[in-house]
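The values are calculated or read from the model by the stated rules, or taken from the named source; none is laboratory data. Keep in mind that what you see is a predicted model, and the values were worked out from it rather than measured. Every residue, glycine among them, receives a Cβ derived from its backbone with ideal geometry; neighbour counts consider all protein chains shown. We work out accessible area using only protein heavy atoms, side chains counted, and drop any ligands, DNA or RNA first. Shrake-Rupley method; radii C 1.70, N 1.55, O 1.52, S 1.80 Å.
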Amino acid sequence: MSGSRPRSLDRRTLLLAATGATAGALATACGTAEGQPRGKVAVLGDSAAWEKPMAAAGSAMKSVAALSLVPEVNPSLESFEQIVKSSLRTGKTPDMLKYWSGYRLQDLARTGGIVDLTRQWEGAVARGWVDASLRGAFTYRRRVYGLPMNLAYWVFFYNPDVFREHGLKVPETWGDFLTACARLKKDGIVPLHGTADGRWPSFIWFQEILSRQDPRFYEDLMNGRERYTDPRAERALRTIASFFDKDWFTPMDMNHNDAAAAMLRGKVGMVPCGTWLGSTLAAAGGKPGKNLDAFVLPTADAKARPSVIFESSALVATVKGPDRTEALKATRTWLHPAVMKAFSHTLQDGCPNPEVEPANLVIAGLAKKVRGDKLWLLNRFWEQGPPELVEATVDDLAGFLLNPSSYRKTLRTMQDRADEAWRVWREAEET
(Lines give C-alpha, C1' and ligand atoms only; values in the text may rest on other atoms or scores of the structure.)
Protein backbone atom coordinates (compact mmCIF):
# COMPACT_ATOMS: atom_id res chain seq x y z
CA MET A 1 0.00 0.00 0.00
CA SER A 2 1.01 3.60 -0.38
CA GLY A 3 2.96 4.34 2.70
CA SER A 4 0.82 2.74 5.24
CA ARG A 5 0.63 -0.91 4.49
CA PRO A 6 -1.26 -2.90 7.11
CA ARG A 7 0.53 -5.85 8.55
CA SER A 8 -0.10 -9.44 7.45
CA LEU A 9 0.60 -11.37 10.67
CA ASP A 10 -1.74 -11.82 13.60
CA ARG A 11 -1.22 -9.50 16.56
CA ARG A 12 0.27 -12.14 18.87
CA THR A 13 2.86 -13.18 16.29
CA LEU A 14 3.65 -9.54 15.59
CA LEU A 15 4.30 -8.69 19.22
CA LEU A 16 6.41 -11.75 19.89
CA ALA A 17 8.54 -11.07 16.83
CA ALA A 18 8.85 -7.38 17.56
CA THR A 19 9.82 -7.85 21.19
CA GLY A 20 12.62 -10.23 20.36
CA ALA A 21 13.93 -8.08 17.54
CA THR A 22 13.53 -4.59 18.99
CA ALA A 23 17.10 -4.06 20.18
CA GLY A 24 18.71 -5.09 16.90
CA ALA A 25 16.03 -3.44 14.80
CA LEU A 26 16.44 -0.12 16.54
CA ALA A 27 20.11 -0.16 15.69
CA THR A 28 19.43 -0.75 11.99
CA ALA A 29 16.10 0.97 11.46
CA CYS A 30 16.79 4.10 13.45
CA GLY A 31 19.93 5.31 11.80
CA THR A 32 19.02 8.76 13.04
CA ALA A 33 19.85 7.78 16.63
CA GLU A 34 23.22 9.57 16.42
CA GLY A 35 21.81 12.31 14.23
CA GLN A 36 22.49 13.38 10.65
CA PRO A 37 25.09 15.91 9.48
CA ARG A 38 23.99 19.52 9.74
CA GLY A 39 21.41 20.39 7.08
CA LYS A 40 19.98 16.85 6.87
CA VAL A 41 17.08 15.17 8.66
CA ALA A 42 16.20 11.49 8.37
CA VAL A 43 12.64 10.23 7.94
CA LEU A 44 12.01 6.63 8.97
CA GLY A 45 9.29 4.81 7.01
CA ASP A 46 8.07 1.32 6.22
CA SER A 47 8.03 1.32 2.41
CA ALA A 48 10.93 1.11 -0.02
CA ALA A 49 8.59 2.47 -2.70
CA TRP A 50 8.68 5.82 -0.90
CA GLU A 51 12.46 6.22 -0.90
CA LYS A 52 12.66 8.00 -4.26
CA PRO A 53 9.68 10.29 -3.55
CA MET A 54 11.16 11.24 -0.16
CA ALA A 55 14.55 11.88 -1.73
CA ALA A 56 12.90 14.07 -4.39
CA ALA A 57 11.06 16.02 -1.68
CA GLY A 58 14.35 16.38 0.20
CA SER A 59 16.06 17.87 -2.85
CA ALA A 60 13.22 20.35 -3.30
CA MET A 61 13.28 21.25 0.39
CA LYS A 62 16.99 22.01 0.13
CA SER A 63 16.21 24.70 -2.43
CA VAL A 64 13.53 26.37 -0.28
CA ALA A 65 14.84 25.78 3.24
CA ALA A 66 18.51 24.72 2.91
CA LEU A 67 17.51 21.39 4.45
CA SER A 68 17.51 17.89 2.96
CA LEU A 69 15.40 14.89 3.93
CA VAL A 70 17.13 11.53 4.11
CA PRO A 71 14.78 8.56 3.67
CA GLU A 72 15.37 5.51 5.87
CA VAL A 73 13.33 2.32 5.58
CA ASN A 74 12.49 -0.50 7.94
CA PRO A 75 10.97 -2.92 5.41
CA SER A 76 9.70 -5.30 8.09
CA LEU A 77 6.05 -4.32 8.13
CA GLU A 78 5.38 -6.81 10.90
CA SER A 79 7.55 -4.92 13.38
CA PHE A 80 7.61 -1.30 12.17
CA GLU A 81 4.89 0.03 14.48
CA GLN A 82 6.26 -1.76 17.54
CA ILE A 83 9.78 -0.53 16.80
CA VAL A 84 8.57 3.06 16.53
CA LYS A 85 6.74 2.92 19.85
CA SER A 86 9.69 1.24 21.57
CA SER A 87 12.10 3.88 20.26
CA LEU A 88 10.01 6.73 21.68
CA ARG A 89 10.76 5.37 25.17
CA THR A 90 14.52 5.38 24.57
CA GLY A 91 17.22 7.85 23.55
CA LYS A 92 17.49 6.22 20.12
CA THR A 93 14.57 7.94 18.48
CA PRO A 94 14.25 8.83 14.79
CA ASP A 95 13.84 12.55 14.10
CA MET A 96 10.85 12.09 11.81
CA LEU A 97 8.48 9.29 10.90
CA LYS A 98 6.11 8.35 8.12
CA TYR A 99 3.13 7.02 10.06
CA TRP A 100 -0.59 6.35 9.79
CA SER A 101 -3.31 8.95 10.33
CA GLY A 102 -6.50 8.49 12.35
CA TYR A 103 -6.59 6.39 15.49
CA ARG A 104 -3.11 4.96 14.91
CA LEU A 105 -1.69 8.48 15.03
CA GLN A 106 -3.77 9.20 18.14
CA ASP A 107 -2.32 6.08 19.73
CA LEU A 108 1.17 7.41 19.04
CA ALA A 109 0.31 10.90 20.33
CA ARG A 110 -0.80 9.35 23.62
CA THR A 111 2.80 8.32 24.31
CA GLY A 112 3.86 11.96 24.54
CA GLY A 113 6.76 11.18 22.24
CA ILE A 114 5.72 13.18 19.16
CA VAL A 115 5.55 16.91 18.57
CA ASP A 116 2.41 19.06 18.48
CA LEU A 117 2.35 20.47 14.93
CA THR A 118 -0.76 22.62 15.26
CA ARG A 119 1.10 25.86 14.46
CA GLN A 120 2.63 24.32 11.34
CA TRP A 121 -0.79 23.10 10.25
CA GLU A 122 -2.42 26.48 10.77
CA GLY A 123 0.40 28.20 8.89
CA ALA A 124 -0.08 25.86 5.94
CA VAL A 125 -3.85 26.44 5.94
CA ALA A 126 -3.31 30.22 5.95
CA ARG A 127 -1.09 29.89 2.87
CA GLY A 128 -3.52 27.59 1.06
CA TRP A 129 -0.97 24.75 1.20
CA VAL A 130 -3.28 22.06 2.57
CA ASP A 131 -6.88 20.93 2.31
CA ALA A 132 -8.25 22.10 5.67
CA SER A 133 -10.91 19.35 5.71
CA LEU A 134 -8.18 16.76 6.36
CA ARG A 135 -7.42 18.11 9.83
CA GLY A 136 -9.52 15.59 11.74
CA ALA A 137 -7.42 12.69 10.46
CA PHE A 138 -4.29 14.17 12.07
CA THR A 139 -5.76 15.44 15.33
CA TYR A 140 -5.68 14.21 18.92
CA ARG A 141 -7.48 16.19 21.61
CA ARG A 142 -7.92 19.07 19.18
CA ARG A 143 -4.18 19.35 18.48
CA VAL A 144 -2.48 18.33 15.22
CA TYR A 145 0.29 15.73 15.50
CA GLY A 146 1.04 14.90 11.87
CA LEU A 147 1.15 16.56 8.46
CA PRO A 148 -0.38 14.83 5.42
CA MET A 149 2.11 13.35 2.98
CA ASN A 150 -0.02 11.96 0.15
CA LEU A 151 -3.74 12.08 -0.56
CA ALA A 152 -4.82 8.78 -2.06
CA TYR A 153 -8.45 8.40 -3.11
CA TRP A 154 -10.01 4.94 -2.99
CA VAL A 155 -11.49 4.41 -6.44
CA PHE A 156 -12.30 1.80 -9.08
CA PHE A 157 -9.67 1.39 -11.78
CA TYR A 158 -10.80 0.23 -15.21
CA ASN A 159 -9.58 -0.02 -18.81
CA PRO A 160 -11.44 2.48 -21.04
CA ASP A 161 -10.67 0.38 -24.13
CA VAL A 162 -12.44 -2.60 -22.56
CA PHE A 163 -15.42 -0.51 -21.51
CA ARG A 164 -15.79 0.89 -25.03
CA GLU A 165 -15.47 -2.55 -26.59
CA HIS A 166 -18.38 -3.79 -24.47
CA GLY A 167 -20.54 -0.67 -24.85
CA LEU A 168 -20.11 0.51 -21.29
CA LYS A 169 -19.85 4.01 -19.84
CA VAL A 170 -18.29 5.11 -16.59
CA PRO A 171 -20.94 4.46 -13.91
CA GLU A 172 -22.67 7.64 -12.79
CA THR A 173 -25.30 5.87 -10.68
CA TRP A 174 -25.43 2.71 -8.61
CA GLY A 175 -27.63 1.20 -11.30
CA ASP A 176 -24.96 1.94 -13.91
CA PHE A 177 -22.42 0.11 -11.78
CA LEU A 178 -24.58 -2.98 -11.45
CA THR A 179 -25.32 -2.90 -15.19
CA ALA A 180 -21.61 -2.76 -15.98
CA CYS A 181 -20.95 -5.77 -13.73
CA ALA A 182 -23.71 -7.78 -15.37
CA ARG A 183 -22.57 -6.88 -18.89
CA LEU A 184 -18.95 -7.77 -18.21
CA LYS A 185 -19.95 -11.11 -16.68
CA LYS A 186 -22.16 -11.90 -19.68
CA ASP A 187 -19.28 -11.11 -22.04
CA GLY A 188 -16.86 -13.44 -20.26
CA ILE A 189 -14.96 -10.89 -18.15
CA VAL A 190 -14.72 -11.17 -14.35
CA PRO A 191 -16.39 -7.90 -13.30
CA LEU A 192 -14.69 -7.21 -9.96
CA HIS A 193 -11.47 -7.87 -8.11
CA GLY A 194 -11.96 -9.08 -4.57
CA THR A 195 -9.28 -10.60 -2.40
CA ALA A 196 -8.21 -11.66 1.06
CA ASP A 197 -4.63 -12.15 -0.09
CA GLY A 198 -2.19 -10.54 2.33
CA ARG A 199 -5.04 -10.25 4.87
CA TRP A 200 -5.39 -6.45 4.95
CA PRO A 201 -7.43 -6.14 1.69
CA SER A 202 -10.30 -7.96 3.39
CA PHE A 203 -11.76 -4.63 4.52
CA ILE A 204 -11.98 -3.13 1.02
CA TRP A 205 -15.41 -4.32 -0.06
CA PHE A 206 -17.05 -3.72 3.33
CA GLN A 207 -15.60 -0.21 3.32
CA GLU A 208 -16.71 0.54 -0.24
CA ILE A 209 -20.23 -0.87 -0.06
CA LEU A 210 -21.09 0.47 3.38
CA SER A 211 -19.81 3.97 2.62
CA ARG A 212 -21.87 4.06 -0.61
CA GLN A 213 -25.05 2.78 0.98
CA ASP A 214 -24.87 5.01 4.05
CA PRO A 215 -21.76 7.21 4.49
CA ARG A 216 -23.02 8.68 7.76
CA PHE A 217 -23.49 5.22 9.23
CA TYR A 218 -20.00 4.24 8.03
CA GLU A 219 -18.49 7.27 9.79
CA ASP A 220 -20.44 6.61 12.99
CA LEU A 221 -19.70 2.88 13.02
CA MET A 222 -16.00 3.41 12.48
CA ASN A 223 -15.92 5.83 15.42
CA GLY A 224 -17.83 3.58 17.81
CA ARG A 225 -21.14 5.45 17.70
CA GLU A 226 -23.07 2.67 15.93
CA ARG A 227 -23.07 -1.13 16.05
CA TYR A 228 -22.04 -3.86 13.62
CA THR A 229 -25.29 -5.68 14.39
CA ASP A 230 -27.29 -2.79 12.94
CA PRO A 231 -29.41 -3.73 9.87
CA ARG A 232 -27.38 -1.26 7.79
CA ALA A 233 -24.17 -3.22 8.39
CA GLU A 234 -25.99 -6.46 7.60
CA ARG A 235 -27.28 -4.94 4.35
CA ALA A 236 -23.71 -4.16 3.29
CA LEU A 237 -22.52 -7.74 3.84
CA ARG A 238 -25.65 -9.14 2.17
CA THR A 239 -24.88 -6.98 -0.86
CA ILE A 240 -21.34 -8.36 -1.03
CA ALA A 241 -22.70 -11.90 -0.61
CA SER A 242 -25.03 -11.26 -3.56
CA PHE A 243 -22.02 -10.38 -5.72
CA PHE A 244 -20.55 -13.77 -4.80
CA ASP A 245 -23.85 -15.42 -5.77
CA LYS A 246 -23.60 -13.78 -9.21
CA ASP A 247 -19.99 -14.93 -9.57
CA TRP A 248 -18.75 -11.37 -10.04
CA PHE A 249 -15.50 -11.71 -8.06
CA THR A 250 -12.03 -12.93 -8.90
CA PRO A 251 -10.62 -15.76 -6.75
CA MET A 252 -10.01 -14.50 -3.22
CA ASP A 253 -6.28 -15.29 -3.47
CA MET A 254 -5.59 -13.00 -6.45
CA ASN A 255 -3.30 -10.17 -5.31
CA HIS A 256 -3.42 -6.57 -6.48
CA ASN A 257 -0.42 -6.88 -8.80
CA ASP A 258 -1.98 -9.77 -10.70
CA ALA A 259 -5.38 -8.06 -10.73
CA ALA A 260 -3.85 -4.87 -12.16
CA ALA A 261 -2.23 -6.79 -15.01
CA ALA A 262 -5.43 -8.78 -15.65
CA MET A 263 -7.48 -5.59 -15.84
CA LEU A 264 -5.17 -4.11 -18.47
CA ARG A 265 -5.44 -7.35 -20.48
CA GLY A 266 -9.23 -7.23 -20.37
CA LYS A 267 -9.60 -10.24 -18.06
CA VAL A 268 -10.88 -8.29 -15.03
CA GLY A 269 -13.27 -5.38 -15.35
CA MET A 270 -12.74 -3.19 -12.27
CA VAL A 271 -10.19 -3.10 -9.44
CA PRO A 272 -11.03 -1.16 -6.25
CA CYS A 273 -7.95 0.29 -4.56
CA GLY A 274 -6.22 3.46 -3.45
CA THR A 275 -4.77 5.66 -6.18
CA TRP A 276 -1.32 4.55 -5.06
CA LEU A 277 -1.98 1.44 -7.19
CA GLY A 278 -1.33 3.68 -10.21
CA SER A 279 2.41 3.02 -10.07
CA THR A 280 1.78 -0.74 -10.17
CA LEU A 281 -0.59 -0.30 -13.10
CA ALA A 282 1.93 1.87 -14.95
CA ALA A 283 4.61 -0.79 -14.45
CA ALA A 284 2.21 -3.33 -15.97
CA GLY A 285 1.74 -1.17 -19.07
CA GLY A 286 -1.07 1.12 -17.97
CA LYS A 287 -1.13 4.56 -19.60
CA PRO A 288 -3.26 7.12 -17.73
CA GLY A 289 -5.96 8.57 -19.96
CA LYS A 290 -5.54 5.80 -22.55
CA ASN A 291 -5.90 2.22 -21.35
CA LEU A 292 -6.12 3.25 -17.69
CA ASP A 293 -8.60 5.40 -15.81
CA ALA A 294 -10.55 5.39 -12.55
CA PHE A 295 -13.88 6.52 -11.12
CA VAL A 296 -15.42 7.09 -7.70
CA LEU A 297 -18.07 4.47 -6.98
CA PRO A 298 -21.49 6.18 -7.03
CA THR A 299 -23.74 6.19 -3.97
CA ALA A 300 -26.36 3.48 -3.75
CA ASP A 301 -28.82 5.87 -2.09
CA ALA A 302 -29.57 9.00 -4.10
CA LYS A 303 -30.36 10.82 -0.84
CA ALA A 304 -26.98 10.02 0.71
CA ARG A 305 -24.21 12.60 0.76
CA PRO A 306 -21.71 11.84 -2.03
CA SER A 307 -18.43 10.67 -0.53
CA VAL A 308 -15.07 9.08 -1.22
CA ILE A 309 -12.69 7.11 0.96
CA PHE A 310 -9.25 8.69 1.33
CA GLU A 311 -5.91 7.58 2.72
CA SER A 312 -3.11 9.85 3.85
CA SER A 313 0.14 9.05 5.63
CA ALA A 314 1.34 11.35 8.40
CA LEU A 315 4.72 13.07 8.64
CA VAL A 316 5.57 13.09 12.35
CA ALA A 317 8.37 14.77 14.34
CA THR A 318 9.60 13.16 17.57
CA VAL A 319 10.25 14.92 20.86
CA LYS A 320 13.63 13.27 21.57
CA GLY A 321 15.11 13.15 18.08
CA PRO A 322 18.78 14.23 17.96
CA ASP A 323 18.13 16.73 15.17
CA ARG A 324 14.87 18.05 16.62
CA THR A 325 15.46 21.70 15.67
CA GLU A 326 16.00 20.88 12.02
CA ALA A 327 13.15 18.39 12.06
CA LEU A 328 10.80 21.15 13.21
CA LYS A 329 12.15 23.38 10.45
CA ALA A 330 11.31 20.61 7.98
CA THR A 331 7.71 20.46 9.22
CA ARG A 332 7.29 24.17 8.44
CA THR A 333 8.20 23.64 4.79
CA TRP A 334 6.94 20.11 4.12
CA LEU A 335 3.68 21.35 2.56
CA HIS A 336 5.44 23.99 0.42
CA PRO A 337 4.23 23.63 -3.21
CA ALA A 338 7.71 22.88 -4.55
CA VAL A 339 8.28 20.12 -1.98
CA MET A 340 4.83 18.66 -2.45
CA LYS A 341 5.13 18.66 -6.24
CA ALA A 342 8.45 16.83 -6.13
CA PHE A 343 7.03 14.27 -3.73
CA SER A 344 3.62 13.61 -5.31
CA HIS A 345 4.88 13.58 -8.90
CA THR A 346 7.57 11.05 -8.05
CA LEU A 347 5.10 8.97 -6.06
CA GLN A 348 2.44 9.41 -8.80
CA ASP A 349 -0.33 9.88 -6.26
CA GLY A 350 -2.69 12.58 -5.07
CA CYS A 351 -1.45 15.62 -3.15
CA PRO A 352 -2.87 17.28 0.00
CA ASN A 353 -1.75 20.71 -1.29
CA PRO A 354 -4.51 21.88 -3.68
CA GLU A 355 -2.08 24.30 -5.36
CA VAL A 356 0.03 21.47 -6.77
CA GLU A 357 -0.82 20.29 -10.26
CA PRO A 358 -1.89 16.62 -10.36
CA ALA A 359 0.74 13.99 -11.06
CA ASN A 360 -1.10 12.48 -14.05
CA LEU A 361 -4.38 12.56 -15.96
CA VAL A 362 -6.10 9.98 -13.76
CA ILE A 363 -5.27 11.88 -10.58
CA ALA A 364 -6.33 15.14 -12.27
CA GLY A 365 -9.76 13.79 -13.16
CA LEU A 366 -10.35 12.39 -9.69
CA ALA A 367 -9.17 15.53 -7.90
CA LYS A 368 -11.47 17.63 -10.10
CA LYS A 369 -14.47 15.48 -9.19
CA VAL A 370 -13.67 15.23 -5.47
CA ARG A 371 -13.03 18.96 -5.07
CA GLY A 372 -15.56 20.16 -7.63
CA ASP A 373 -18.41 18.05 -6.27
CA LYS A 374 -17.27 18.65 -2.68
CA LEU A 375 -17.29 14.95 -1.89
CA TRP A 376 -17.23 14.01 1.78
CA LEU A 377 -13.78 12.65 2.62
CA LEU A 378 -14.07 9.53 4.78
CA ASN A 379 -10.90 8.08 6.26
CA ARG A 380 -9.95 4.55 5.27
CA PHE A 381 -11.09 1.59 7.37
CA TRP A 382 -7.52 0.76 8.49
CA GLU A 383 -7.10 4.15 10.20
CA GLN A 384 -10.57 4.13 11.79
CA GLY A 385 -11.03 2.82 15.31
CA PRO A 386 -8.69 1.45 17.99
CA PRO A 387 -5.83 -0.38 16.23
CA GLU A 388 -6.42 -3.65 18.11
CA LEU A 389 -10.06 -3.62 17.00
CA VAL A 390 -9.20 -2.93 13.38
CA GLU A 391 -6.68 -5.78 13.37
CA ALA A 392 -9.25 -8.27 14.64
CA THR A 393 -12.07 -6.98 12.45
CA VAL A 394 -9.96 -7.39 9.32
CA ASP A 395 -9.53 -11.07 10.23
CA ASP A 396 -13.29 -11.40 10.71
CA LEU A 397 -13.96 -9.87 7.30
CA ALA A 398 -11.43 -12.22 5.72
CA GLY A 399 -13.40 -15.13 7.15
CA PHE A 400 -16.60 -13.67 5.71
CA LEU A 401 -15.08 -13.37 2.23
CA LEU A 402 -14.17 -17.05 2.35
CA ASN A 403 -17.64 -17.98 3.64
CA PRO A 404 -20.15 -15.27 2.58
CA SER A 405 -23.12 -17.06 4.14
CA SER A 406 -21.60 -16.39 7.57
CA TYR A 407 -22.40 -12.67 7.51
CA ARG A 408 -24.73 -12.62 10.56
CA LYS A 409 -22.27 -14.55 12.72
CA THR A 410 -19.44 -12.32 11.46
CA LEU A 411 -21.30 -9.17 12.46
CA ARG A 412 -22.07 -10.50 15.97
CA THR A 413 -18.43 -11.43 16.47
CA MET A 414 -17.25 -8.02 15.28
CA GLN A 415 -19.63 -6.24 17.64
CA ASP A 416 -18.51 -8.32 20.61
CA ARG A 417 -14.93 -7.28 19.84
CA ALA A 418 -15.98 -3.66 19.35
CA ASP A 419 -17.75 -3.45 22.73
CA GLU A 420 -14.57 -4.43 24.55
CA ALA A 421 -12.16 -2.43 22.37
CA TRP A 422 -14.10 0.81 22.66
CA ARG A 423 -14.47 0.34 26.42
CA VAL A 424 -10.70 0.04 26.79
CA TRP A 425 -10.04 2.96 24.44
CA ARG A 426 -12.43 5.29 26.26
CA GLU A 427 -11.11 4.35 29.68
CA ALA A 428 -7.62 5.26 28.44
CA GLU A 429 -8.96 8.60 27.20
CA GLU A 430 -10.18 9.43 30.68
CA THR A 431 -6.79 8.85 32.31
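Using +1 on the beta carbon of Lys and Arg, -1 on that of Asp and Glu, and nothing else charged, what's the dipole of the stretch 306-431 about the Cα centre, debye to 20?
Value, rounded to 20: 440 debye.
When the convex hull of the C-alpha atoms of the stretch 263-342 is computed, what volume per residue in Å³ does it have?
So the per-residue hull volume is 187 Å³.
Which value does Rg/Rh take for the stretch 40-80 over its C-alpha atoms, Rh per Kirkwood?
That ratio equals 1.06.
Please report the Cα spread of the stretch 80-188 along all three principal axes, rounded to whole Å, starting with the longest.
Projected onto the principal axes, the Cα atoms of the stretch 80-188 cover 61, 35, 22 Å.
Counting alpha carbon pairs within less than 8 Å and at least 6 residues apart, what relative contact order, in whole percent, applies to the chain?
Dividing the mean separation by the residue count of the chain yields 25 percent.
Find the relative contact order for the stretch 231-329 and round it to a whole percent, using C-alpha pairs within less than 8 Å whose residues are 6+ positions apart.
Computed value for the stretch 231-329: 15 percent relative contact order.
Once amide H atoms are placed 1.01 Å from N in the peptide plane, what residues at a sequence separation of 5 or more from SER307, or on another chain, have their amide H within under 5 Å of its amide H?
TRP376
Can you give me the Cα centroid spacing of the stretch 68-120 and the stretch 334-357 in angstrom?
First find each Cα centre; the distance between them is then 22 Å.
For the chain, build the charge dipole from Cβ charges (+1 Lys, Arg; -1 Asp, Glu) around the Cα centre, then report which of ALA398, ILE189, THR173 sits farthest towards its positive end.
Most positive-ward Cα: THR173.
Any lysines with Cα under 22 Å of the LYS169 Cα? List them, leaving off those in the same chain fewer than 8 positions away.
Partners found: LYS185, LYS186, LYS246, LYS267, LYS287, LYS290, LYS368, LYS369.
Normalise the Cα radius of gyration of the stretch 30-102 by 2.2 N^0.38 Å (N = residues in it) and let me know the number.
Working it through for the stretch 30-102, the quotient is 1.11.
Whole number please: convex hull volume per residue of the Cα set in the stretch 129-177, in Å³?
It comes to 133 Å³ per residue, whole-number rounded.
How far is helix 337-347 tilted, in degrees, relative to the longest principal axis of the Cα atoms in the chain, given as a value from 0 to 90 rounded to the nearest 10?
That helix lies at roughly 50 degrees to the long axis.
Whose amide H sits under 5 Å from the amide H of MET270, counting only residues 5 or more places off or on another chain, with H placed in the peptide plane?
LEU192, HIS193
Restricting to the chain, what percent of DSSP beta bridges are antiparallel, rounded to 5?
Antiparallel bridges: around 55 percent, rounded to the nearest 5.
What lysines does LYS92 reach when the alpha-carbon gap must be under 21 Å and sequence neighbours fewer than 8 apart in one chain are set aside?
By straight Cα distance, LYS92 reaches LYS40, LYS320, LYS329.
Which of the peptides 346-356, 115-125 is most tightly packed, and how do the rest follow, judged by the mean count of other Cβ atoms within 10 Å per residue?
Highest to lowest by the protection proxy: 346-356, 115-125.
With a bin width of 10 angstrom, please list the P(r) values of the stretch 245-391 as percents of all Cα-Cα pairs, from the 0 bin to the one holding the largest distance.
Each 10 Å bin holds this share of Cα pairs: 9, 29, 35, 20, 6, 1.
Compute the orientation-averaged projected area for the stretch 372-418 from the convex hull of its Cα atoms and round it to one decimal in nm².
Average projection, Cα convex hull of the stretch 372-418: 4.4 nm².
Given that compact globular proteins tend to follow 2.2 N^0.38 Å, what is the ratio of the alpha-carbon Rg of the stretch 182-313 to that value?
Against the empirical 2.2 N^0.38 Å value, I get 1.10 for the stretch 182-313.
If DNA, RNA and ligands are ignored and the probe is 1.4 Å, what is the ranking of LEU377, LEU210 by accessible area, most exposed first?
In descending accessible area the options line up as LEU377, LEU210.
Placing +1 on the Cβ of each Lys and Arg and -1 on the Cβ of each Asp and Glu in the chain, which of TRP376, MET263, PRO231 has its Cα farthest towards the positive end of the resulting dipole?
TRP376
State, as an integer percentage, the relative contact order of the stretch 153-233 based on alpha-carbon contacts under 8 Å between residues 6 or more apart.
13 percent
Name the residue farthest towards the positive end of the dipole of the stretch 40-123 from the options GLY58, GLY45, LEU105, assuming +1 on Cβ of Lys and Arg, -1 on Cβ of Asp and Glu, about the Cα centre.
The listed residue farthest towards the positive side: GLY58.
Long-range amide H contacts for SER68: which residues qualify at under 5 Å (H placed 1.01 Å from N, peptide plane, sequence gap of 5 or more or a different chain)?
It is LYS40, VAL41, by chain and number.
May I ask for the Kirkwood hydrodynamic radius of the chain, worked out over all distinct Cα pairs and given in angstroms to one decimal?
Over the chain, the inverse of the mean reciprocal pair distance is 22.1 Å.
Grab the DSSP H runs of the chain that are 4 residues or longer, score each as -39,500 (n - 2.57), total them, divide by all residues and round the 222 nm result to the nearest 500 deg cm²/dmol.
Taking each H run of at least 4 residues, the total per residue is -14500 deg cm²/dmol.
In the calculated pair distance distribution of the stretch 308-408, what percentage of Cα-Cα distances lie above 21 Å?
So the pairs more than 21 Å apart make up 57 percent of the total in the stretch 308-408.
Provide, as a two-decimal number, the C-alpha radius of gyration of the stretch 127-227 over 2.2 N^0.38 Å, N being how many residues it has.
1.42
Is there a quick way to get the dipole size of the chain? I mean about its Cα centre, with the Cβ of Lys and Arg at +1 and of Asp and Glu at -1; what is the value in debye to the nearest 20?
That gives the chain a dipole magnitude of about 720 debye.
Please give the Cα centre distance for the stretch 183-235 versus the stretch 359-431, rounded to the nearest Å.
9 Å
So how tilted is helix 407-430 from the main axis of the chain? Cα-based, degrees 0 to 90, rounded to 10.
The angle comes out at about 20 degrees.
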